[in-house]
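To start, the structure itself, in structure tokens.
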Amino acid sequence: PPLIIPAAIDGQITMLYTAAMTRPTTPIQRHVSLASTNAEAMRLGLSGVTAPLWVQAEQQTAGRGRSGKAWQSPPGNLYASLLVRLNCPPTAIHHLSFVAAVATLATIRRCAGSAAARLPLRLKWPNDILLDSAKLTGILPESTVLGRGGVLAVIGIGVNLAHAPSGLDRATTCLAAHGIDIAPAAFLDALDADLLACLALWDDGRGFAAIRARWLADGLARGTPMTVHTGNERIAGVFEDMAADGALILRDHSGYDRSLSFGDVTLDAAAAAEEP
């Protein structure tokens with residue numbers, strides 16, 4: 001059955017989103033080309049530049065995804081990283097993957113307008129956004145604990161707006177292929193409000209339960225067949241749940257629930273095709 005988001009959480013989201021929309025927009029450093037927006041944002045943060053700050057590039061020459069994978073970065077897509085200073089415990093930093101995924105999905109739907117209802121969008125653990133079962137986004141949070149206390153974090157977000165990468169080991173797509181035409185600058189303006197609202201809802205980890213509820217409402221259906229490569233082993237089973245701390249709960253073929261905090265998730269092709 002679909003997960004119902006409590007009315008109190010929906011109301012809190014609306015309030016925080018309204019506040020984010022009425023505050024001054026976050027400063028944006030725009031570049032024609034960078035090796036990596038994440039690397040540049042972290043460099044600026046470590047040099048003492050005031051956060052929050054967006055770093056955006058029209059293209060990247062050394063873009064990175066999870067596990068060090070290269071991220072193709074032709075002009076026309078969004079490549080942007082948000083620099084933030086947080087007061088969360090180090091154990092909560094991994095929540096940023098889910099915060100960014102929930103925010104980016106909200107932005108995609110808002111930018112799609114009335115067409116959003118026909119877009120089969122789903123979240124795949126931990127932070128992939130799928131459109132018609134193909135990868136649409138890449139999200140890469142990185143962080144460092146500061147010696148004087150606090151956390152310096154960079155939330156890198158790539159969205160295939162005009163182009164879909166080719167030659168990968170998984171299906172990819174872009175919004176333009178589904179009739180949604182939006183420029184990177186306009187998308188980033190919308191994303192700024194959504195991400196700030198979700199960060200406020202998260203509240204340095206204290207509000208992760210609300211983020212988890214939002215994620216599960218748009219996540220893959222329970223029982224979806226998948227395989228998780230943890231680096232040490234491949235575990236086949238079905239998606240069961242997301243734990244309270246964000247871990248993936250996978251029910252393996254022996255019927256045991258496995259709690260996984262890291263892994264590359266691959267969906268069974270037949271099951272992915274049946275996702276609504």
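The set of residues in segment 224-235 being polar (S, T, N, Q) and either over 22 Å from ALA92 (Cα atoms) or in contact with an Asp or Glu (Cβ under 7 Å, 6 or more places away or on another chain) (or both) consists of THR224, THR227, ASN232. Segment 236-276 holds strands (runs of 3 or more DSSP E) entirely within its bounds, and those carrying 1 or more residues that are touching a Gly at 6+ places or on another chain (Cβ under 6 Å), modelled with pLDDT of 95 or more and more than 21 Å from HIS95 (Cβ to Cβ) map to 248-252. Quick one: THR266 ticks every box in (1) open to solvent by 30 Å² or more (accessible area, probe 1.4 Å); (2) without any contact (Cβ under 8 Å) to a residue 60 or more places away in the chain; (3) of a type in the set (Val, Ile, Thr) except a single one, so which number is it? Going through (1) open to solvent by 30 Å² or more (accessible area, probe 1.4 Å); (2) without any contact (Cβ under 8 Å) to a residue 60 or more places away in the chain; (3) of a type in the set (Val, Ile, Thr) one by one, THR266 breaks only (2). Within segment 187-198, is there a residue that is among the aliphatic types (A, V, I, L, M), within 17 Å of PRO126 (Cβ to Cβ) and in a helix (DSSP H, G or I)? Yes, segment 187-198 contains at least one residue that is among the aliphatic types (A, V, I, L, M), within 17 Å of PRO126 (Cβ to Cβ) and in a helix (DSSP H, G or I).
Yes or no, residue by residue, for (1) loosely packed, with under 15 Cβ neighbours inside 10 Å; (2) in contact with a Gly (Cβ under 9 Å, 6 or more places away or on another chain); (3) modelled with pLDDT of 95 or more:
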site	(1), (2), (3)
PRO2	yes, no, no
GLN12	no, yes, no
THR26	no, no, no
ALA70	yes, yes, no
TYR79	no, yes, yes
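Close Cβ contacts (under 9 Å, 6 or more residues apart or on different chains) running from residues in segment 223-237 that are touching a residue at least 12 places away in the same chain (Cβ under 8 Å) and closer than 15 Å to LYS124 by Cβ to residues that are among the charged types (D, E, K, R) and assigned to a loop (DSSP other than H, G, I, E, B) comprise THR224/ASP268; THR224/GLU275; PRO225/ASP268; MET226/ASP268; THR227/ASP268.
Scanning segment 101-149 for residues that are part of a loop (DSSP other than H, G, I, E, B), under 20 Å from LEU191 (Cβ atoms) and among the aliphatic types (A, V, I, L, M) turns up LEU119, LEU136.
The values are calculated or read from the model by the stated rules, or taken from the named source; none is laboratory data. What you see is a predicted model; the values in this text were computed from it and never measured. All Cβ positions, glycine included, derive from the backbone under ideal geometry; neighbour counts span all protein chains shown. The protein model used for the area step is the full one, side chains on, heavy atoms only, and it has no ligands, DNA or RNA in it. Shrake-Rupley method; radii C 1.70, N 1.55, O 1.52, S 1.80 Å.
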